[in-house]
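Following: one structure in structure tokens, then a few remarks.
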Amino acid sequence: MDETESFKDQYRLLKDSELEGLLATAWDLRKEAFVALIYVANERNVGSKELLNDLKILLSDSNITNLYEDKKYGFCKYCKEKKELFGIEYSWLYSIIFITKIHKETIIGCHECLSEHVKSSQTITVLAGWWGFPFGIFATPLTLIKNHFELKNRKRSEEIIKASIIENIKADIYGKYFSSSKE
């Protein structure tokens, strides 16, 4: 039995109201669980048909890929120029004696602007990362290396942009079907 079938069996055990609640947060589910949820909701006529249809279409792999291709070249939110966009998750850290604090940030922009963000984080890390014992001593070089390679990782960049697209779709769906203040 594959994972999707296993999820279907589990969802069939839920009450309609519980299934409806899951539909409201379907975007938090793994893809296999999401597919099974839509299937069982359709099977039991739970949830609005419009919502189920929107979820199926908007969060489909083909739609996400199409949106990615449309948005891959756009306006960088930092320099405001139309360029190829990339996504990165970079880190910086600082340490004070026994405390080491690591910050992570995910951003999308043109290569030049992302390079500037990483450069700034590398500077903070180099200057303030070493001062914690024992973690700063080990985490500082690891963070510097990770940031260096993150900037060059094109596959990861595509994943980050697609995740951003999915988050925007989820926000639109939530606003359309689940916000408490309907106009």
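The values are calculated or read from the model by the stated rules, or taken from the named source; none is laboratory data. Predicted model, so just to flag it, every value in this text is computed and none were measured. Reconstructed Cβ throughout: ideal geometry from the backbone, glycine too, with neighbour counts over all protein chains shown.
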field: Selection within region 1-55 - touching a residue at least 60 places away in the same chain (Cβ under 8 Å) and among the aromatic types (Phe, Trp, Tyr)
entry: 27
task: Check whether at least one residue in region 100-121 is in a helix (DSSP H, G or I), more than 18 Å from the chain's Cα centre (by Cα), modelled with pLDDT of 90 or more and farther than 24 Å from residue 155 by Cβ, and report yes or no.
output: yes
- prompt: Applying the selection to region 92-106, what residues are surrounded by fewer than 20 Cβ atoms within 10 Å (Cβ to Cβ), closer than 16 Å to residue 120 by Cα and not aliphatic (A, V, I, L, M)?
  reply: 94, 103, 104, 105, 106
- request: Check whether at least one residue in region 162-172 is at negative phi and outside any helix (DSSP H, G or I), and report yes or no.
  value: no
query: Conditions: (1) in contact with a Lys or Arg (Cβ under 7 Å, 6 or more places away or on another chain); (2) of a type outside the set (Phe, Trp, Tyr); (3) touching a residue at least 12 places away in the same chain (Cβ under 8 Å). Residue 74 meets all but one. Number of the miss?
result: (3)
- prompt: Being part of a helix (DSSP H, G or I), over 19 Å from residue 173 (Cβ atoms) and either at pLDDT below 85 or out of contact with any strand residue (DSSP E or B) (no Cβ under 9 Å at 6 or more places or on another chain) (or both), is that true of even one residue in region 20-40?
  reply: yes
